[in-house]
Amino acid sequence: MSIGVDTPAQGKGANPAQARRPNNYFDGLPISKTHLFLFILIVCSYFFEQLDNNNFAFIAPAIVKNGFVQQNQIGVITGYYFIGMTLGGFLGGIISDLIGRRKTFLTAMLIFSSMSILNGLTNNLGVFIFSRAATGFGVFMMMVTSIAYISEMSPSESRGKWQSLTAAGGFLAMPAIGLISRAIIPTGPDAYRLIFFIGGFGFITFFVGLKYLKESPRWLVSKGRVAEAEKVIKDLSGYDVDLSEVAKNQPPKIRGIDQFIGMFKGKYLKRSLTLLLFGIPANIGAFILAVWIPTLAGMRGFTMEQSLNIGVAFMAGAPVGMFVASFFADKGGRKIPLSIGLLLTACTAMIYAYFGNQYMLALIIAFTLNAFGMGQGFIAMAYVPEHYPTKMRNTAVGTINAFQRLAVSFSQPFIPIFAATFGVSALFLGIFALYAFAAIVVFILGQRTGGVPLEQIE
């Protein structure tokens with residue numbers, strides 16, 4: 001239910017903190033410096049998470065060259081990493097609905113930071129595989145928690161904007177890890193360990209988060225802790241709000257298993273199926289690009305240096321695309337910019353299929369491809385949690401994302417086989433088909449959610 005929001009100025013010179021006002025959480029309230037600091041903390045968390053998420057593409061050739069692993073074991077390590085991500089998404093969503101967004105977010109940072117350090121320390125392949133899988137678990141546990149958290153901590157009129165802006169800042173780690181790796185890894189056979197240790201810098205945001213990260217007021221209200229929720233909003237915004245009305249409209253508490261079952265019942269069944277129908281093909285396409293683009297460049301005859309440069313150009317497109325997407329993310333009920341973004345990604349993949357064999361064009365198209373891909377990707381990140389109530393929001397977000405990652409893990413072994421059999425251009429035409437299908441699903445079946453209070457969508 002949407003509750004009316006008083007305007008900040010109730011008479012000239014009024015102090016907004018002097019009178020309690022009916023409010024629907026942060027809707028209609030300005031973003032204060034304290035609130036902005038919270039978003040900056042999430043940006044920093046994203047940054048170190050993405051260092052850990054993207055470093056292995058650059059580390060893999062080094063550990064093959066120094067004899068630590070065999071070439072065919074890289075696929076095994078990557079497979080376990082995606083299994084870890086799948087479990088992290090599924091369990092992280094359930095856990096955050098049970099114990100809260102803040103505790104789950106901090107736990108995830110602790111896991112992926114410590115496991116990255118363990119990856120750098122170990123000389124045992126079994127420990128290396130385990131810690132890499134645990135890194136994936138922590139990385140995606142934090143990702144699914146942050147998606148719901150940002151939605152719940154943002155005003156309804158700018159949820160998509162903050163989802164994209166926080167990601168844009170954090171995903172600067174993608175080109176950063178490429179440049180750092182190119183500078184460090186060639187210096188010695190064990191220099192790759194430093195890249196893993198840099199990933200351990202996530203402990204910085206963990207300790208800062210212990211002090212400054214706030215719990216989601218929506219989660220607090222869902223647990224009957226209304227006074228705590230009102231205090232969080234006052235601490236962040238400076239407004240003394242009254243959440244008693246929204247607290248009256250909370251659905252009854254449900255068991256943990258019902259949080260999962262509920263997303264496949266009643267009106268939520270169509271929502272969940274729609275999100276899976278567009279999310280699975282879009283994620284398969286996204287990870288073909290993210291994992292394989294330097295390798296695919298090499299299969300087209302580019303040198304190792306040119307292939308790496310194409311990979312770095314591709315990664316550099318991510319934060320640019322997310323930043324640009326922040327200006328459009330809350331328009332058209334969210335579904336319109338999302339479907340357009342998916343279609344633009346599809347068309348760029350088609351262009352790459354035909355013109356990606358020319359080096360300078362390949363650099364430009366790779367950059368543009370990831371700009372469109374990641375731009376729409378984080379509009380989708382804002383879109384998914386808007387379809388569910390607080391009681392099951394993160395369980396649903398985690399489950400949707402877990403299914404997507406599971407599909408990615410199954411698809412990965414077939415990518416080099418397909419490219420070798422049918423050619424790199426045919427593979428990119430396949431990526432076009434995946435994204436085009438996703439765009440059609442969103443446009444036809446998608447629900448308009450942007451700019452609407454979460455309780456009103458419910």
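The values are calculated or read from the model by the stated rules, or taken from the named source; none is laboratory data. The shown structure was predicted, so the numbers you read here are calculated from the model rather than taken from an experiment. A quick note on method: Cβ atoms are made from the backbone with ideal geometry, for glycine too, and the neighbour counts reach across all protein chains shown. Surface areas here come from the heavy atoms of the whole protein model, side chains and all, with no ligands, DNA or RNA. Shrake-Rupley method; radii C 1.70, N 1.55, O 1.52, S 1.80 Å.
Residues of segment 163-203 with the amide nitrogen closer than 19 Å to a label point 7 Å from the Cα of M304, along Cα-to-Cβ, please.
178-195
For segment 163-204, count all C-alpha to C-alpha pairs, find those more than 11 Å apart, and express that count as a whole percent of the total.
69 percent
How many percent of all Cα-Cα pairs in segment 304-458 sit more than 25 Å apart?
35 percent
What distance in nm separates the simple spin-label points at A227 and V127, each placed 7 Å from Cα in the Cβ direction?
4.9 nm
Provide E305, E157 ordered by accessible surface of protein heavy atoms (probe 1.4 Å), highest first.
Order by accessible area, largest first: E305, E157.
If you plug each phi of segment 320-331 into the Karplus form 6.51 cos²θ - 1.76 cosθ + 1.60 with θ = phi - 60°, what whole-Hz ³J(HN,Hα) values come out, in order, with x for Gly and Pro?
Coupling constants for segment 320-331: 5, x, 5, 5, 5, 5, 4, 7, 10, 4, 9, 8 Hz.
May I ask for log10 I(q)/I(0) of segment 64-137 at q = 0.22, 0.26 Å⁻¹, from a Debye sum over the Cα atoms as equal point scatterers with solvent left out?
-0.94, -1.15
Run the accessible area of segment 118-173 with a 1.4 Å probe and give the carbon-and-sulfur part as a rounded percent.
72 percent
List every residue whose amide H lies under 5 Å from the amide H of V241, counting only residues 5 or more places away in sequence or on a different chain, with H placed 1.01 Å from N in the peptide plane.
R21, K234
Report the rotationally averaged projected area of the chain based on its alpha-carbon convex hull, in square nanometres.
Averaged projected area of the chain's Cα convex hull equals 21.0 nm².
Quick one: accessible area per residue over the chain, 1.4 Å probe, rounded to a whole number of Å²?
With all protein chains present, the chain gives 39 Å² per residue.
Could you list which residues have their amide H under 5 Å from that of V452, counting only those 5 or more apart in sequence or on another chain, with H placed in the peptide plane?
Amide H neighbours of V452, under 5 Å, 5+ apart: none.
Which entries in the list K248/K335; K267/K331; K231/K391; K248/K331; K214/K335; K161/K214 go over 28 Å, if you measure between the two C-alpha atoms of each?
Check vs 28 Å cut-off fails for K248/K335; K248/K331; K214/K335.
Just how much of Y359 is accessible, in Å², when a 1.4 Å probe is used and the result is rounded to the nearest 10?
Surface open to solvent at Y359 totals about 60 Å².
For all pairs of alpha-carbon atoms in segment 278-370, what percent lies in each bin of width 10 Å, listed from the first bin to the last filled one?
16, 47, 28, 8, 1
Report the longest stretch of the chain that contains none of the trypsin sites (Lys or Arg not before Pro) sitting in a DSSP loop with at most 12 other Cβ atoms within 10 Å.
In short, 13-252.
Let me have the relative contact order for the chain, percent, based on Cα pairs under 8 Å that are six or more residues apart.
So the answer I get is 25 percent.
Just want the answer: with Cβ charges of +1 for Lys and Arg and -1 for Asp and Glu, which residue in A176, F112, A191 is farthest toward the dipole's positive end in segment 92-229?
The one lying farthest along the dipole's positive direction is F112.
Tell me the Kirkwood radius of segment 107-195: reciprocal of the mean inverse pair distance over distinct alpha-carbon atoms, in Å.
About 15.0 Å for segment 107-195.
Between K331 and F37, what is 0.36 nm times their sequence separation minus the Cα-Cα distance? Round to one decimal in nm.
Additional length available on full extension: 103.3 nm.
Give me a comma-separated list of calculated 3J(HN,Hα) values for segment 373-379, in order, Karplus coefficients 6.51, -1.76, 1.60 applied at θ = phi - 60°, integers in Hz, x for any Gly or Pro.
Taking θ as phi minus 60°, the curve returns x, 6, x, 6, x, 8, 5 Hz for segment 373-379.
How high is the relative contact order of segment 216-340, in percent, counting Cα pairs under 8 Å that sit 6 or more residues apart?
It rounds to 10 percent for segment 216-340.
Residues with amide H under 5 Å of D27's amide H, sequence separation 5 or more or different chain, H placed in the peptide plane at 1.01 Å from N; which?
Here the answer is S156, since their amide H atoms fall under 5 Å of that of D27.
Output ³J(HN,Hα) for segment 50-55: one whole-Hz value per residue in order, computed from phi by the Karplus curve 6.51 cos²θ - 1.76 cosθ + 1.60 with θ = phi - 60°, and x for Gly and Pro.
6, 4, 5, 6, 10, 6
About its Cα centre, how strong a charge dipole does segment 108-242 have in debye, to the nearest 20, once Lys and Arg get +1 and Asp and Glu get -1 at the Cβ?
The dipole of segment 108-242 has a size of about 260 debye.
Equivalent ellipsoid semi-axes for segment 188-338, as square roots of 5 times the alpha carbon gyration tensor eigenvalues: give them largest first, rounded to whole Å.
Ellipsoid half-lengths, sorted descending, are 41, 25, 17 Å.
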